[in-house]
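Step one of this worksheet: look at the structure below.
The values are calculated or read from the model by the stated rules, or taken from the named source; none is laboratory data. Since the structure is predicted, the reported quantities are computational estimates derived from the model, not experimental observations. Cβ: placed from backbone, ideal geometry, glycine included. Neighbour counts: every protein chain shown. Side chains are part of the model used for accessible areas, which takes the heavy atoms of the whole protein and leaves out ligands, DNA and RNA. Shrake-Rupley method; radii C 1.70, N 1.55, O 1.52, S 1.80 Å.
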Amino acid sequence: IQTTDIVNSILNLPVQSSDKLREQDIGAWRGKKRKDVMHGRDLDDPDYVREGGESVHQMKRRVMEYIHAQVEASPNEVILFVAHDGLLHSILSEVYDCALRDSRCKTTQGSIYEFEFSGDSYTLSRVF
């Protein structure tokens with residue numbers, strides 16, 4: 001919310017929050033150390049579902065469905081999405097038609113990414 005307030009102090013757009021934009025749900029792993037839950041699991045497998053959670057691909061599908069719905073509901077409008085890396089990785093994966101872990105989906109913390117949405121096509125306009 002703090003980041004939203006800072007960025008939106010200039011844009012003055014209506015604000016709404018959504019659980020659809022949350023990071024990946026890691027289920028039973030929440031609050032535990034990586035070394036305590038790894039036990040031979042392949043964290044690079046984007047289809048691996050943590051107990052009580054979701055896979056990386058499920059997170060991407062959730063995020064992109066929400067973004068599609070927002071864009072379709074407000075065509076030709078400026079929409080500000082404020083979220084963590086998972087959201088950006090999902091959008092960049094769509095822009096470049098690549099895997100979420102592809103190097104083109106790497107993000108820089110604290111950056112602002114501007115995208116243009118047209119139909120089913122996404123374009124990265126600029127990075128601030």
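Taking a straight line from the alpha carbon of K20, these lysines sit under 24 Å away, with near neighbours fewer than eight places off in the same chain left out: K32, K60, K106.
Heavy atoms only, probe 1.4 Å: what % of the accessible area of the chain goes to carbon and sulfur, would you let me know?
Carbon and sulfur: 47 percent of the exposed surface of the chain.
Hull volume per residue, based on the alpha-carbon atoms of segment 1-92 and their convex hull, is 115 Å³.
If only the Cβ of Lys and Arg carry +1 and only the Cβ of Asp and Glu carry -1, the dipole of segment 57-123 around its Cα centre is close to 360 debye.
At a probe radius of 1.4 angstrom, the accessible area of the chain per residue rounds to 70 square angstrom. Using a probe of 1.4 Å on the protein chains alone, the accessible area found for S74 is around 40 Å².
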